[in-house]
Amino acid sequence: MGELPQQFEVDAAITAGHGLSAASLVEANINPVTLLATDYLNHYNEVIMLFEMLPDMPDCLEDVEAWTPKTYEDHFRDSSFQGKELAIAAYRHASLGVRTRFENICAELDIRILETAHNARIAWETRQIDRFDAICKGAHIALSPLLDQLNGAIHGSINEARHETAEAMPDHGQTQADIDAMFD
């Protein structure tokens, strides 16, 4: 595999203390600094893609509603990710600060996805098709700031000294409330 990038040299000592090799983490696409894997983003990306399909395929609403929050470890236990055992082991050794920040972002994202699905169902059942379309098309925009934060937490780009909330993130366009307000 060759030499590790310089930013991972220090991490080799840290991860080795937990029986984890920085090289094996990098090879498995697990960040050797945060000990988190980007594969977990798929759990959220899949439901966001379903939201985007809903205006053209409203029958997929049941698939969106079938989505349920999953913990990091549950996601990997249920996945076909090649390094899932390593991902779970690494996660268990991630610092408390990294895990807390990561889990808080996940909890907020879970809530927002479930709320968006609920709002889409209400709009669909009440035959507010324009509102339904706007909710579904706006889901990606409304959820992107949190998804960006989650990606940042995985890659270690969120400053440990600051806890950024969705409200503190840059606006990527309309929020779900903005979209809902258009139809009230």
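In the set (1) free of Cβ contacts under 8 Å to residues at least 60 places away in the same chain; (2) surrounded by 16 or more Cβ atoms within 10 Å (Cβ to Cβ), the condition left unmet by Arg101 is number (1). Do you know which of the residues in segment 76-97 that are more than 16 Å from Leu25 (Cα to Cα) and touching an Asp or Glu at 6+ places or on another chain (Cβ under 8 Å) is surrounded by the most Cβ atoms within 10 Å (Cβ to Cβ)? That would be Ser79. Within segment 168-176, is there a residue that is surrounded by fewer than 17 Cβ atoms within 10 Å (Cβ to Cβ), under 30 Å from Leu36 (Cβ atoms) and either modelled with pLDDT of 95 or more or among the hydrophobic types (A, V, I, L, M, F, W, C) (or both)? Yes, some residue in segment 168-176 is surrounded by fewer than 17 Cβ atoms within 10 Å (Cβ to Cβ), under 30 Å from Leu36 (Cβ atoms) and either modelled with pLDDT of 95 or more or among the hydrophobic types (A, V, I, L, M, F, W, C) (or both).
Reported count of residues in segment 66-75, each being in a loop (DSSP other than H, G, I, E, B) and buried (at least 18 other Cβ atoms within 10 Å of the Cβ), is 1.
For (1) among the charged types (D, E, K, R); (2) modelled with pLDDT of 95 or more; (3) in contact with a Cys (Cβ under 8 Å, 6 or more places away or on another chain), each residue gets a yes or a no:
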site: Glu65; (1), (2), (3): yes, yes, no
site: His75; (1), (2), (3): no, yes, no
site: Phe81; (1), (2), (3): no, no, no
site: Lys84; (1), (2), (3): yes, no, no
site: Ile88; (1), (2), (3): no, yes, no
site: Ala134; (1), (2), (3): no, yes, no
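Out of Met57, Met49, one residue alone is under 20 Å from Ile141 (Cα atoms), over 19 Å from the mean Cα position of the chain (by Cα) and at pLDDT 95 or above. It is Met57. If you go through segment 118-133 and keep only what is under 22 Å from the mean Cα position of the chain (by Cα) and surrounded by fewer than 22 Cβ atoms within 10 Å (Cβ to Cβ), you end up with His118, Asn119. Within segment 63-106, the set of residues being out of contact with any helix residue (DSSP H, G or I) (no Cβ under 6 Å at 6 or more places or on another chain) and basic (Lys, Arg) comprises Arg77, Arg92, Arg99. Remark: pairs (first residue in segment 47-70, closer than 17 Å to Arg112 by Cα and without any contact (Cβ under 8 Å) to a residue 60 or more places away in the chain; second residue among the hydrophobic types (A, V, I, L, M, F, W, C) and surrounded by fewer than 13 Cβ atoms within 10 Å (Cβ to Cβ); Cβ separation under 9 Å; 6+ apart in sequence or on different chains) = Leu50/Met57; Pro69/Ala107; Pro69/Ile111.
The values are calculated or read from the model by the stated rules, or taken from the named source; none is laboratory data. This structure is a prediction, so every number in the text was calculated from the model and none was measured. When we count neighbours, we look across all protein chains shown, and the Cβ atoms used for this are built from the backbone with ideal geometry, even at glycine.
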